[in-house]
1. Across every pair of different alpha-carbon atoms, what Kirkwood hydrodynamic radius in Å does segment C:1-46 reach?
2. Between A:A22 and C:V98, what FRET efficiency comes out of the Förster formula 1/(1 + (r/R0)^6) with R0 = 45 Å and r the beta carbon distance, rounded to 0.05?
3. Taking only DSSP H segments of four or more residues, each worth -39500 (n - 2.57), what value at 222 nm results for the protein assembly as shown once the sum is divided by all its residues, to the nearest 500 deg cm²/dmol?
4. Pull up all non-local amide H partners of A:D279: gap of 5 or more, or a different chain, and H-to-H distance under 5 Å with H placed in the peptide plane.
5. Where the eigenvalues come from the Cα gyration tensor of segment A:1-72, what are the semi-axes √(5λ) of the equivalent ellipsoid, largest first, in whole Å?
6. Taking 0.36 nm per intervening residue step and subtracting the Cα-Cα distance, what contour gain separates A:K253 from A:T211 on full extension?
7. Can you list residues from other chains, or at least 5 along the same chain, whose modelled amide H is less than 5 Å from the amide H of A:N415?
8. So what is log10(I(q)/I(0)) for chain A at q = 0.06, 0.12, 0.13, 0.14 1/Å, when the Debye sum runs over its Cα atoms only?
Amino acid sequence: MMLLALVLVPLIVGTLLFALPAAAQTLSRVIGVVASLATVVLVLAARGDDWSVRWLSRPFTAAFHLGLSGLSFWLALLLTVVTLSAIVACNASARRDLIAQLLFLEGTMLGLFLARDLLLFALFWDAMLLPVFFTLLARASHVTTAWRYFLYNFAGGLALLLATAAFGVLFGSTDVIGQAGVHVIGAWAPWILGGFALAFLVKTPVFPLHTWMPLTYADTPPAMVAVVSAVQSKAGLYGFIVIGLAFFPDYMKAYAGIFLVLGAISLIYGALAALAQSDTKRIVAYSSLSHLGLILIAIFSFNTIALQGAGLYLIAHGIFSAALFLVLGFVEEREETRSLTHLGGLGALNPRLAGALCIAALAALGLPGLAGFAGELLIITGIFQSGLLWAALLALIPIVLAAAYMLRLFQGVMNGPQRSDLPIRADLSWREGIALAPLVLALLALGTIPGALLQTVIK
Amino acid sequence: MIANPTTQVDWNGIAPIITIAVTALVVPFADLFARTHAKRWVAILIGGLGTLLAAGLCAQQYGSTGTVFGGAFALGGFTVVFEEIVLLALFGSLLLFATTMQERRVGGSVALMLWSACGALLMAGASNLMTVFLGIELLSLALYCLCGMNDRPASRESALKYLVLSSTASGFMLLGMALLFGASGSVALSSLTLGGLATSSFLWSGSALFFVGLAFKMSLAPFHAWSPDVYEGAPMPVTAFMSVATKAATLAVLARFLYAALPTGMSSAFLLPIWILAGLSMLVGNLGMLAQTDLKRLLAYSGVAQAGYLLVALAGTTALGLRYAIYYLVAYAIMNLGAFSVAAALSDEKEAGSALSAYHALASRRPYLAAMMSLFLLALAGLPPTAGFLGKILLLSTGVATGYWWLAVLLILGTAISLFAYAKIIRAMYARPDGKAQPELPVAPWPAMISIALYGIALVVMTFYPLTPSNIVPFVR
Amino acid sequence: MAPYGSVALYLCVALAAALLFTVLPGLLAKPKPNAHKDEAYECGVEPTSSVSGRFPVRFYLIAMLFVVFDVEAASFYPWAVQMHALRMFGLLEMAVFVVVLGIGYAYVWKKGGFSWR
């Protein structure tokens, strides 16, 4: 029941928030913080729980089956912590609506990561699009972005829906996530895997299905994009691990070439594109494309070490990309621009802001001692061990490039001469500092003692 | 000499129909003597009570079997389920009279709608061709009049168009029935299964004409062209009733025909044209929605597509498929009634809630109605957490399981297209007010608001507690 | 199929005859248009006014109500012929029919359907 509460609490609190007057900014934040804190506590308390109620018995068996273990636990923890940070950091003008949408997003994504049933997984997969879609729709200037986000992802969602139905009919049950020994074989199996894979590739995203991503990341309010980039983008990779690898191992191996090539293109293309951007959020968006391409390669190398590295790097990427987007959001709110050509020299007056951006950027470029390093190292070792020499060599290039674009980002915003045309604003406030604190602590913790996570994330 | 007819009469079997018919007589009579400003609510109240009574009587027959009136009307779960859906549509549509239509016309309209429902109830239980035709004509005749009940010219146009086109379709259907009768020598749907008929050209041509008639009533593409015009012109409660009850009743006839009347073993090739119509409807209906500026027209095209979805469940004519068709039909009834209820809550006699422009920035003025409308539209699009989502999963799995994978793919394609149209309305509702003066919105009475909430709750509950009737053998042999 | 062969033959002959009578004159006759030929034919009398005259829409209402009662009377005949065979059941059925009709009659009356305004 604790798991059910975990999914329902954010959804119910989010709905109730709409009953408040729109002007109740502080009250809605307090409620949001309490609710998201409660979810963090629930995730920690409910670790290892399992809850199931029968849903359908025909045409295939399905259940409301929630479970919290392994990768699910870590992603749920990541999600709840990032949501908490996002709600604390949230500065938007329509704050009540944004906090409510953040809670909806948290609830639907908790449902997705906790789902032990494919049908439930598909339900939350579609449902988690709605909060972001409506948030973007509510801003008149971002309607195109909203549609692009929604259509790409909903097309993927429909493929997933069809694949789920076919899976259910073929296998007789969708209550299978996390169970060993479920192998789908037959003439239809590659098509079903194809349906799942399409949804996952769009969501991750992977070249050439990524074109919704830079726009969405740039236009979504900072608090929400932190959650989307940190956690929602992991849904696809999570799907590859718990659905693809678990149920279709043979077909995953047979078609691995396609995914490896797509991953490699994303890896290089994302890094090069990040170098060429002048919009701060877009730099991080393309760096995500690059980093997630690396994880995709790790998954399709079918090597235990690489897979463990992928699990670790999933969490690490979630933390540092959330931190990056939040800090860049603070910068944008202060200076009213995201363009590197207008920004510059903020570091001298805003040392705390500069420090936060520095730690996040260093983690992103894989500095030893911070979260990104251990994952990257394991992934490349694993890929090398699996015999994909070309992939391992390719993976080294973006690591070098990551240093270049992350330092370029940091320098462009914080260093250099002070710009006279930028408004001078106060440094990081206490509230903003508290929002970033758990993320920075997690970056340090994962960088120094990754073992605690590594042993449980993927078995 | 004729046999003593009293031996074949079973009043109990058609008690719901009798109840509705008697209510239909009481309503205009009460309307005559009600005070001027009570006419609206008197008619709705009497009509609603009669409907509830009929629903109660109907539910009692769930377990019964056999036929009454010499095989003209079948009893049993199948009939009961479809009758209840018709009664649900009737009750929901009656509530819409609370805000729309001029007070002096409400009494007559309610009475006509009750008669129309009688026809639909007959169709739900019709087990021979004559009852089918009687039901269809009773349903349609009352609807022709109802369509013209508004003062707008479009309403007259709608009535005339419906009359002319629908009569033509009835003519086709009647010729088809005659040919079927010629082929089998019997009007009973069950005797069409007699062996040796598979090669009869009369059976083929008769069935084809019969299907054309049914496809018209169900507004399947390419026989759908009448529905946007008629839906747009007809008064809102009538449109709501037509969109649900006609589809439900026609589906009952079609399902009975498909499941019970056809020779086994010949079904796949024989029925292929129907599945092609279904596929075509999904595309045409969803594409047609994109350019609409009127909610009723949009829902007309949506209805074309949804009729196509419904048929996917019947492809392969499995018992399970029929259950899912019923599940989806109930879901469709609720979401459609919900959408129309919101439109009616924003309307007065002039039906301002029918134009899509009325929904601009609705969220800032009527947040509750905007939220519920979004839910209904999401349900129509098949998104969670609504019964539309689970319904689509069930339809898809039936399509895949019976080998009609191409219908499943078309369903997915159609859904993708439809999303543009539904989300366009949602987007308009959540747009910022553009500063232009908006017409004053009427305040809907509380029964309307409560019914909207109930529709919403039902849609969500149905997702997580899917209940499909098991006692639905379509035909009692 | 055999018993319907003659019906099919009849249909074919009817179609052929209809086509013959409509198409053949056009082919054979020489067109000689003149103004008198376009006038409406009124028993050889010169038309005095426009043929499609206007008359009040009320007329339709009365005509429609007349049809209702006309059909009602027509339905009584078969029942009257078989009254003894149908016995009590038939009588009750007819009573129901008359009551339904009576309610309609009262409704029309009260609504002013019979008054020629």
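1. Details: mean 1/r = 0.0711 Å⁻¹.
One over the average 1/r among Cα pairs gives 14.1 Å for segment C:1-46.
2. Numbers: r = 64 Å, r/R0 = 1.43.
Taking R0 as 45 Å, the efficiency between C:V98 and A:A22 is 0.10.
3. Working: 41 runs with 722 residues, N = 1053.
Using -39500 (n - 2.57) per qualifying helix, the result is -23000 deg cm²/dmol.
4. A:L340
5. Equivalent-ellipsoid dimensions as semi-axes: 30, 17, 7 Å.
6. Numbers: separation 42, 0.36 × 42 = 15.12 nm, distance 2.71 nm.
Length gained, A:K253 through A:T211: 12.4 nm.
7. Placed amide hydrogens put A:G345, A:L346, A:G347 under 5 Å from A:N415.
8. Treating every Cα as an identical point scatterer, log10 I(q)/I(0) equals -0.23, -0.98, -1.16, -1.36.
Taken together, the values in this text are just the output of simple stated rules run on the coordinates, not laboratory data. Remember, it's a predicted structure, so these values are computed and weren't measured experimentally. Here Cβ is always computed from backbone atoms with ideal geometry, including for glycine, and neighbour counts include all displayed protein chains.
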